[in-house]
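See structure below.
Values in this text are rule-based calculations from the coordinates and carry no lab data. These numbers come from a predicted model, not from an experiment. Neighbour counts run over all protein chains shown; Cβ positions are idealised from the backbone, glycine included.
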Amino acid sequence: MRKYLPLLLFLCTLLMAQPQTEDTGQNTFSQKNVATEVTSTKELSVDVAALLEKKKILDAGLKENNIWSKIYSNYHIYRQLKEEEVALDRKIAQLNKLAERRRLNKQQRKVLSTLKNEKKILQGKLQLLKEYENDPFKKFLTPPAVGEIPSVGNPLAIIPAFSFMEKLKNDQLEYNSRYESIKHVLAQLKEKKKVLEAILEKDPDNREIRQELADTEEEINTFTPVVEIFKTTQNVYEKKIDEIRLNLQDEIGKEIEKATMIGVIILIFLIIIFLIKYLVKRYMSDNERFYTINKFLNFSFFTLLLLTLLFAYIENVSYLVTILGFASAGIAIALKDWFMSLMGWFVIIIGGAVHVGDRVKFVRNGMEYVGDIVDISLLRMTIQEDITLTTYMHNRRAGRIIFVPNNYIFTDMIANYSHAGLKTVWDGIDFMVTFDSNITKATSIAKEVTKKYSKGYTDITRKQLNKLRSQYSMKNTNVEPRIFSFIEPYGMKISAWYHTNAYATLTLRSTISAEIIERIQAEEDIHLAFPTQSIYLDKDVPKPQLPQPSLFDEQDQA
């Protein structure tokens, strides 16, 4: 028995020690689990915080300068207000039914009044957000209007065409930027959805995140068809813009080619005109004829230029001719003077009655104007008035620039002092001597003086008139000075006529007049007559001695 006593004690000790060992093991396992749970919680908190930070960044990106989120927000608010309005209508309808049955108490009436006021406020908010009722993104999905496409029918239309193409390019870039922005918003929303799902996996009991996930999914469902529609619209818009751009580029290319050809034709015309002008100026000594030819060439060039442009840029010329045919009667009446001036210009240029440089006298309403033609345009002649006998005796004015419409050649008298190369005109000086003067000697003095100073002009006139005989029927071509004597109340008037420069009549007239007076004053038997009167009382009137006919008078009578 004693032998087995130590063994029993050892077994008891073992039995008593076994539960303690198990408790110790359990405690150690429990401590390990708690540590694991703490570590997992810490790791979970770190992951959620990182996801929340990422979500915060996405939210900031969606809110910053994002018109699409703002539109959706207004659209979402409008829908919520609509739901509130439906709920208010339901409550108001219930209370109205009670009011019809007269079962409303004071508190319910107060509630009904409050609900009606809330509905009015709600309707005001809905009115402000009315544009977001149906298809709130329509305004931004619609591409910019193309507008009226310019037609490149002339060189001046090229610049507006380039401007229009630049506008299309800017509109397309702006529309593409809209598409890229809504794609970016949708991508951010999808990324936000993933972040929110990841947060819910870590924290499935977070109701706020779950609600935000539902709102994000709803927003994604709203934007997804919008993006699809936007993509289709963008493709159609791009094709339309490309087609318009290609057509405009083709028209611009053709117009540039056409304008280049017209420019080459005009340049050839210019070279030909300048070459003709050079040859005429070099080989023609008459400056006046060169001026006329120069004006004719200029008119011809502008006419050719006008016809070239007309046939180049008016596609239906027959239509234009028809319109002008119908409008010709009205044009002829409304622009009668203008049209007649054009006809007068043709008559002047083709007929050759008046040239630039000619000295002319123009009579209009009793007024006389004498001057030199300095220009002949399509509508009028320009005359520079000179100091002449007319200005000395009538106008007492000179140096004026007078504009004479070309149509006056059909209705008024225009005297040409230098027509067909004639540079001289007849001019006359009259002086009176008494009845008892030596008339023969006086006429002889006048003959000698006029012949002396007009000899050069007489020779020039004779040569020119000989040339004009083939063109005009001239019976009297006597160019020598002519002296006439006439009986006047106060004496004998002697009229001396001679050829002088058409552009300087007063100069020679002054010289001849001075010498005639000087010669007559040197003669004792010639006395200048003045307006005088003789009275005889009881006496016979003496008979004046008549002068004998002179040799010069016989020549003039012949």
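Observations, loosely collected:
- When the stretch 68-254 is reduced to its Cα atoms, the Kirkwood hydrodynamic radius in Å: 21.3
- Total charge dipole magnitude, the stretch 144-266, about the Cα centre, Cβ charges on Lys, Arg, Asp, Glu only, Debye to nearest 20: 340
- Chymotrypsin sites (Phe, Trp or Tyr not before Pro) within the stretch 434-535: DSSP coil, no more than 11 neighbouring Cβ in 10 Å: Y472
- Pairwise label distance in nanometres, A145 with V264, each label 7 Å out on the Cα-Cβ vector: 4.3
- Part-to-part distance (alpha-carbon centres) for the stretch 166-209 and the stretch 99-128, which is given in Å: 41
- Between Q80, L115, P143, the Cα set farthest toward the positive side of the dipole of the stretch 72-168 (charges on each charged residue's Cβ, about the Cα centre) is that of L115.
- Calculated FRET efficiency, L304 to T382, Cβ-Cβ distance, R0 = 25 Å: about 0.45 to the nearest 0.05.
- At R0 = 30 Å, FRET efficiency that the Cβ-Cβ distance of L275 and W426 yields, to 0.05: 0.10
- Sites listed here are trypsin sites (Lys or Arg not before Pro) in the stretch 437-521 whose DSSP assignment is loop and whose Cβ has at most 15 other Cβ atoms within 10 Å: R469, K475.
- Farthest positive-ward along the stretch 68-254 dipole, Cα basis, beta-carbon charges - from A198, N176, S163: A198
- Label-point gap, in nm, between N466 and S181 - each point 7 angstrom along Cα→Cβ: 9.8
- DSSP-assigned coil residues among trypsin sites (Lys or Arg not before Pro) in the stretch 339-417, each with at most 16 further Cβ atoms within 10 Å: R396, R397, R400
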